[in-house]
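Read through the structure below, which is laid out as structure tokens, and then see the notes.
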Amino acid sequence: MTSSPAEPALELRAAAAERSGRRVLGPIDLRVERGDALLLAGPNGSGKTTLLLLLVGLIRASSGSVRVLGTSLGSAEWRRARRKVGYVNQASVDTTLPISALEVAAIGLAGAMVPPQLRRERLRRAMQSAGCLHLEHRLYRELSGGEKQRVDIARCLAQEPELLLLDEPSAALDPSAKEALGALLGALHDGGLTIVAVSHETGSLPSWPVASLSRGLLEPARLG
Amino acid sequence: MLEALQYAPIARALVVLLVAGAVFPLTGVFVLRLNLVTLRFTLMHGTMLAAAVALALGMDQIILAAGLNIALVALISLFGRKGEQSGFGTGTLTTFLMVTTIGAAFVVIYRFNVPAKDTLSILWGSLFALTPRDAYVTAGFAAATLIFFLASYRKLKALLFSHDVAFSVGIDATALHRALLALVGLTVALAVRLVGALLLDALLLLPAIVAGFHARSTRQLFLISALVGVLSALVGFFLSLGLDIPASSAVTMTAALLLGIGFLTKRRGT
């Protein structure tokens, strides 16, 4: 890893993004230090998901700069560093695929060369930390929303991430599942993980600082 | 019936059909799961255009079809996404090419007076007219496909789950997707030569659909697809010999029957 721990986990400077030729985000400035957590709130269409896609590298900034874990988006260093960025987005997943929870967690290691023994250990540890080891042989598509979130987080933990990005993690969860998810994310953050979660409802998530997006522009962060 | 296998073209047809039945459905899983069915039509029409040109000019059908399909995939990959903003994106471009290639194929057939019987061979395939070279090409392609699958299995599984997630764990998901498109193009080019344009789905898609009814893991998805493909090929081949009906039709009807059985016996919730 070429990123320096002294650099922030995320740093956006006058970053903007376009979709279908229309500006949908920015310009925004945002800095998230390592070990911090941030909730990005805002109504539908405010640019939350676009911002997350930008941070994952799935879309490019039309202007400005984006640095993730001390690397510039698109650079050779970033291509290596992005394996340390966990990304949870259930909306992009094929939920009809016959794939077990263990297989989903193992996807976190699909982009890396990991010896089989170490692979098994990391998967077991990740599923244990996410509280879903007992689900390992269940089909992902047959799990509840909360169980799927835990498996997706286990997939990210298998990557041994430095940064966790979540898109609407509490959407479609019942109140008890939301509470359990909030506790899990709180524990991961307490363990030192940097977390940025995008959500249109922040009440069920831990009391982290909240930054609001409105029409693609960022409003100042406040305590949640 | 077995004595017919003493004849080299018939034995060759069986071997090629079994190899194709085992390997082509693996590619079919991706055609179904990654929503490439429209692309598959375009590639099928591209193969028909190549076959028409090959018949008209006395050229090699497989090489022409493979080349044209790779060109079509390259066009769609390179210009599809760029065209999204102008309203001429991947879907529109794929449909445009699907229509123009089949139109061009019939122009070639008409202008070069390709005999009706030869034209029908594009639709029905020419299993018993396969040359030893066709058999080697099929075997080599099947081996290459298997190597690609085994070498990229974990990455392919991630891509099936989610393109975005695959990208986020460090996989070059776009390149892998393009490689799969090329594989589909080559598979269709070969399958048309074997069972014809109208019946290639018997080897490509039907086994993958049956597998979707019963699989409890991605490994089972691929294994059941291959198993149904081989069974369709084997039973269809001997039905063809026993009932004196075209092999491609017999294979298709067998695959369709297996799909019916698969549907009736499928697990709840699949």
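The values are calculated or read from the model by the stated rules, or taken from the named source; none is laboratory data. All figures in this text were calculated on a predicted structure; none of them were measured in a lab. Because the Cβ atoms are built from the backbone with ideal geometry, glycine has one as well, and the counts that use them run over all protein chains shown.
Go through the residues of segment B:70-85 one by one and say whether even a single one is surrounded by fewer than 20 Cβ atoms within 10 Å (Cβ to Cβ), more than 14 Å from chain A (Cβ to nearest Cβ) and within 30 Å of residue B:219 (Cβ to Cβ). Quick ask: steps written out before the conclusion?
So the first thing to find is which residues in segment B:70-85 are surrounded by fewer than 20 Cβ atoms within 10 Å (Cβ to Cβ), and the list is B:70-71, B:74-75, B:77-85.
Subsequent filtering for residues that are more than 14 Å from chain A (Cβ to nearest Cβ) retains B:70-71, B:74-75, B:77-80.
This time we only want the ones that are within 30 Å of residue B:219 (Cβ to Cβ), so: B:70, B:77.
Yes - at least one qualifying residue is present in segment B:70-85.
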- Working only within segment B:174-183, note down all residues that are touching a residue at least 40 places away in the same chain (Cβ under 8 Å) and either surrounded by 24 or more Cβ atoms within 10 Å (Cβ to Cβ) or not aliphatic (A, V, I, L, M) (or both). B:177, B:178
- Query: Only one of these conditions is not met by residue A:116: (1) modelled with pLDDT of 95 or more; (2) surrounded by fewer than 16 Cβ atoms within 10 Å (Cβ to Cβ). Which number is it?
  - Reply: (1)
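Per-residue answers, yes or no, for (1) in contact with a strand residue (DSSP E or B) (Cβ under 6 Å, 6 or more places away or on another chain); (2) more than 30 Å from residue B:162 (Cα to Cα); (3) modelled with pLDDT under 95:
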residue	(1), (2), (3)
B:7	no, yes, yes
B:12	no, yes, yes
B:17	no, yes, yes
B:40	no, no, yes
B:58	no, yes, yes
B:63	no, yes, yes
B:68	no, no, no
B:77	no, no, yes
- Query: Which of the residues that make up segment A:43-53 are part of a helix (DSSP H, G or I) and either touching a residue at least 40 places away in the same chain (Cβ under 8 Å) or touching a Cys at 6+ places or on another chain (Cβ under 7 Å) (or both)?
  - Reply: A:48, A:49, A:50, A:51, A:52
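Would you point out the residue of segment B:107-127, among those that are part of a helix (DSSP H, G or I) and loosely packed, with under 14 Cβ neighbours inside 10 Å, that is nearest to the chain's Cα centre (by Cα)?
Going residue by residue through segment B:107-127, those that are part of a helix (DSSP H, G or I) are B:107-111, B:116-124, B:127.
Cutting the leftovers down to loosely packed, with under 14 Cβ neighbours inside 10 Å gives us B:107, B:110-111, B:116-117, B:120.
Working: B:107: 24, B:110: 26, B:111: 28, B:116: 24, B:117: 23, B:120: 18 Å.
Residue satisfying both the conditions and the ranking: B:120.
Residue by residue, here is whether (1) within 9 Å of chain A (Cβ to nearest Cβ); (2) of a type in the set (A, V, I, L, M) holds:
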| position | (1), (2) |
| --- | --- |
| B:163 | yes, no |
| B:187 | no, no |
| B:204 | no, yes |
| B:220 | yes, no |
| B:231 | no, yes |
| B:234 | no, yes |
- Sole exception among (1) within 14 Å of chain A (Cβ to nearest Cβ); (2) in contact (Cβ under 8 Å) with a residue 24 or more places away in the chain for residue B:171, by number: (2)
- Query: Hey, does segment A:56-79 have a residue that's crowded, with 20+ Cβ neighbours inside 10 Å, aromatic (Phe, Trp, Tyr) and facing another protein chain (nearest Cβ under 9 Å)?
  - Reply: no
- Message: Checking the structure you have, find out if any residue of segment B:46-62 is surrounded by 14 or more Cβ atoms within 10 Å (Cβ to Cβ) and without any contact (Cβ under 8 Å) to a residue 24 or more places away in the chain.
- Response: yes
- Query: Any idea which of (1) within 14 Å of chain A (Cβ to nearest Cβ); (2) small (Gly, Ala, Ser); (3) in contact with a Phe, Trp or Tyr (Cβ under 6 Å, 6 or more places away or on another chain); (4) touching a residue at least 12 places away in the same chain (Cβ under 8 Å) is the one residue B:211 doesn't satisfy?
  - Reply: (3)
- Item | Complete set of residues in segment A:1-53 that are under 24 Å from residue B:89 (Cβ atoms), in contact with a Lys or Arg (Cβ under 8 Å, 6 or more places away or on another chain) and among the hydrophobic types (A, V, I, L, M, F, W, C) | A:16, A:17
- Message: Being in a loop (DSSP other than H, G, I, E, B) and either small (Gly, Ala, Ser) or in contact (Cβ under 8 Å) with a residue 24 or more places away in the chain (or both) is the filter here; which residues of segment A:97-132 pass it?
- Response: A:97, A:98, A:99, A:108, A:109, A:110, A:111, A:112, A:130, A:131, A:132
